[in-house]
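As structure tokens, the structure follows; a few thoughts come after it.
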């Protein structure tokens with residue numbers, strides 16, 4: 001029984017037995033899938049001949065992806081061969097006119113040829129998917145085959161553009177239709193099976209199309225110093241429980257050592273010499289080649305033989321003395337690890353420079369040529385290539401890592417431009433889409449922590465501003481308000497334990513400034529901002545442009561503030577700006593983000609963080625003897641951003657009873673404890689309804705106990721004159737319990753929805 005047993009799969013683009021689509025059909029059938037092949041026009045005959053070699057030969061249907069009538073008839077055609085709908089589409093169609101759109105014709109290609117290439121090679125992924133949508137089963141997958149379209153491959157020209165469009169099309173389809181775009185962190189291995197981590201549970205992964213280097217696929221067995229890849233993946237591959245395209249070991253084809261054998265390979269396979277010789281190359285693993293390299297060392301450049309090696313090219317004529325002898329010893333010790341190539345003088349081309357008084361300067365350039373598969377299944381050597389330009393003159397190596405660049409060229413046309421458009425004139429009912437709920441655990445986890453870090457940097461900025469403000473007011477003296485604010489900051493981990501070798505005022509001011517600007521200090525504002533940016537980067541596509549502008553402005557402001565030692569006044573002004581940024585981020589989250597599961601986890605994360613801070617800060621405040629000094633209740637209201645509310649209700653100086661009522665028991669105060677409990681209970685109960693797990697029980701019990709607290713016991717109690725009393729201790733104990741409950745909820749959410757481990761994880765696997 002294969003891993004695709006009973007699955008119904010449509011495969012497009014079979015042209016011959018050497019095509020990727022043919023291999024996909026062969027593997028799918030071997031793993032138990034029911035396969036239907038589609039072809040169109042002149043491709044029907046070669047596709048029929050190719051699949052006739054399979055046992056059994058899959059049925060073939062004629063579907064032209066550019067013909068609306070063919071697309072409309074697709075569900076009916078597939079229903080004749082499949083029972084139970086469609087489980088997957090492997091889309092392997094690409095075409096560009098080899099004479100007009102390939103082979104160096106990029107600057108002269110007419111729009112009709114470009115439009116045709118984009119229509120067949122990119123837009124067809126959307127049109128085919130939408131045509132098949134009525135019969136797609138829940139959990140169905142759509143795979144579009146492409147090459148790396150991030151770079152300009154030589155002479156691929158408009159095919160490269162079309163493939164980049166295909167990659168973008170797949171991303172948009174994933175967003176609109178709910179098909180997940182998967183990274184290594186989204187996958188996990190349980191037993192001998194690979195799963196995708198989603199909010200709805202673990203979902204079996206049958207096929208992985210890999211672009212990761214071999215060494216980074218499994219940190220458990222390969223590179224233990226890497227966080228990339230999926231731990232345990234190699235074991236699943238060996239067990240035959242997942243099909244991996246670009247099989248492990250295929251990276252060998254990227255070895256420079258093969259270049260030395262290309263002439264002989266061409267003669268053996270094709271019976272003819274290479275049409276275009278490459279740079280003369282010698283693999284040092286052969287003794288005659290090694291002897292030649294040592295004899296002509298000054299005329300050669302030494303390079304690593306395998307892509308996994310980390311070594312800069314070594315020019316033989318630049319080595320002298322011990323460096324030369326050392327390189328020769330390395331060649332003798334590990335000859336198989338090196339290749340040698342003849343030195344090639346790079347061409348020069350004029351380049352516009354902004355750094356040299358805006359003038360043209362000469363720079364070395366390189367050109368790579370490639371061959372592409374044409375519509376008939378043959379190969380066409382492209383006349384152009386990818387041009388790379390060095391950043392400095394007289395360089396002997398051109399690479400993007402060394403500052404090199406690639407250039408786009410724009411040419412003005414001599415005639416009118418076609419107004420042909422791939423955009424549909426109108427949207428019909430079947431075209432309507434809504435955001436799906438099938439989010440990966442990685443995305444939701446980053447949104448959850450984005451909410452937590454957003455709140456964390458906000459409250460740390462408020463606490464630091466309160467403390468610095470008391471230093472500014474107190475001058476050189478240690479007032480009770482300053483002492484209590486500093487003590488609370490230490491309790492909450494915003495400040496470290498004090499050093500012994502500095503005067504108190506200088507020590508406090510220095511520590512507070514470090515807590516603002518030092519990203520390496522635990523609990524610092526700079527560290528929280530760095531964590532916030534890290535989480536935001538991983539969910540960038542879910543944040544609005546204005547949201548990102550605010551995040552970038554916050555980061556730039558922080559970086560500018562770190563360049564020069566700040567004064568006390570400058571630090572307070574910086575904290576004021578940070579809190580303005582925090583308010584804008586909160587507004588963007590509330591007004592600009594779609595209310596889906598990801599947004600709800602962001603809000604849960606923010607409310608959990610605020611609840612933990614409020615409860616821990618208030619509990620610490622009630623337990624501190626230093627908080628009994630004058631002015632403590634004033635700065636507490638300032639810290640909780642509730643001063644204006646208090647003054648609007650009570651025309652008197654702060655007193656313990658009304659302050660605690662406002663900060664703890666008033667469920668209309670957005671900076672109050674019960675307000676956070678109320679909001680969290682509402683969202684957790686919704687999670688229970690939609691996702692089936694109860695996390696609200698402990699919080700509901702703690703909330704009920706807090707509501708039952710007798711505030712009357714604090715009447716006529718002068719906070720500034722009393723020691724921590726029994727009633728304050730009871731309330732502090734309940735608040736500390738809420739901090740523990742918040743931590744438990746965070747851990748349970750992580751186990752259930754993010755990591756899928758423990759008893760909760762085993763329950764998830766059954767979904």
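The values are calculated or read from the model by the stated rules, or taken from the named source; none is laboratory data. Computed from a predicted structure; not experimentally measured. In this analysis, Cβ positions are derived from the backbone assuming ideal geometry, glycine residues included, and neighbour counts consider all displayed protein chains.
Looking at region 237-256 only, could you name the residues that are under 29 Å from residue 220 (Cβ atoms), in contact with a strand residue (DSSP E or B) (Cβ under 9 Å, 6 or more places away or on another chain) and surrounded by 16 or more Cβ atoms within 10 Å (Cβ to Cβ)?
237, 241, 242, 243, 244, 245, 255
Kindly evaluate residue 54 against the criterion of being free of Cβ contacts under 8 Å to residues at least 60 places away in the same chain, buried (at least 16 other Cβ atoms within 10 Å of the Cβ) and touching a helix residue (DSSP H, G or I) at 6+ places or on another chain (Cβ under 6 Å).
Criteria not met by residue 54.
Count, please, the residues in region 146-161 that happen to be modelled with pLDDT of 80 or more and in contact with a helix residue (DSSP H, G or I) (Cβ under 6 Å, 6 or more places away or on another chain).
1
Test residue 612 against the stated conditions and say whether it is at pLDDT 85 or above, in contact with a helix residue (DSSP H, G or I) (Cβ under 9 Å, 6 or more places away or on another chain) and not assigned by TED's automatic domain parsing to the domain that holds residue 470.
Yes, satisfied.
Scan the helices (runs of 4 or more DSSP H) fully inside region 611-709 and keep the ones with 1 or more residues being over 44 Å from the mean Cα position of the chain (by Cα) and without any contact (Cβ under 8 Å) to a residue 60 or more places away in the chain.
Correct list: 643-649, 656-660.
Among the listed residues 75, 59, identify the single one that is touching a strand residue (DSSP E or B) at 6+ places or on another chain (Cβ under 8 Å), surrounded by fewer than 20 Cβ atoms within 10 Å (Cβ to Cβ) and farther than 28 Å from residue 161 by Cβ.
59
Tell me yes or no: at least one residue of region 78-100 is touching a residue at least 60 places away in the same chain (Cβ under 8 Å), buried (at least 21 other Cβ atoms within 10 Å of the Cβ) and assigned to a helix (DSSP H, G or I).
yes
Quick one: is residue 554 crowded, with 17+ Cβ neighbours inside 10 Å and more than 30 Å from residue 698 (Cβ to Cβ)?
yes
Conditions (1) part of a helix (DSSP H, G or I); (2) in contact with a helix residue (DSSP H, G or I) (Cβ under 9 Å, 6 or more places away or on another chain); (3) surrounded by fewer than 12 Cβ atoms within 10 Å (Cβ to Cβ), marked per residue:
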| site | (1), (2), (3) |
| --- | --- |
| 259 | yes, no, no |
| 274 | no, yes, no |
| 277 | no, yes, yes |
| 301 | no, yes, no |
| 322 | yes, no, yes |
| 331 | yes, yes, no |
| 341 | no, yes, no |
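Quick one: how many residues across region 14-51 are modelled with pLDDT of 85 or more and in contact with a helix residue (DSSP H, G or I) (Cβ under 7 Å, 6 or more places away or on another chain)?
9
Quick check on residue 109: is it assigned by TED's automatic domain parsing to the domain that holds residue 141, out of contact with any strand residue (DSSP E or B) (no Cβ under 6 Å at 6 or more places or on another chain) and at pLDDT 85 or above?
yes
Of all residues in region 692-713, count the ones that are within 16 Å of residue 746 (Cα to Cα) and surrounded by 14 or more Cβ atoms within 10 Å (Cβ to Cβ).
Qualifying residue count, region 692-713: 7.
All but one of (1) touching a helix residue (DSSP H, G or I) at 6+ places or on another chain (Cβ under 7 Å); (2) modelled with pLDDT under 90; (3) in a helix (DSSP H, G or I); (4) under 26 Å from residue 468 (Cα atoms) hold for residue 570, so report the exception by its number.
(1)
Which one of 545, 618, 622, 633 is more than 15 Å from residue 454 (Cα to Cα) and not assigned by TED's automatic domain parsing to the domain that holds residue 663?
Result: 545 is the single residue among 545, 618, 622, 633 that is more than 15 Å from residue 454 (Cα to Cα) and not assigned by TED's automatic domain parsing to the domain that holds residue 663.
Of the residues that sit in region 204-236 and are in contact with a strand residue (DSSP E or B) (Cβ under 8 Å, 6 or more places away or on another chain) and farther than 11 Å from residue 189 by Cα, which one is surrounded by the fewest Cβ atoms within 10 Å (Cβ to Cβ)?
Here the answer is 209.
Looking only at region 199-223, how many residues end up being within 21 Å of the chain's Cα centre (by Cα) and part of a loop (DSSP other than H, G, I, E, B)?
The number of residues fulfilling the criteria is 11.
When the residues of region 434-464 are filtered to those that are in a helix (DSSP H, G or I) and surrounded by fewer than 22 Cβ atoms within 10 Å (Cβ to Cβ), which remaining residue is modelled with the lowest pLDDT?
Looking at residues that are in a helix (DSSP H, G or I) and surrounded by fewer than 22 Cβ atoms within 10 Å (Cβ to Cβ), I get 442.
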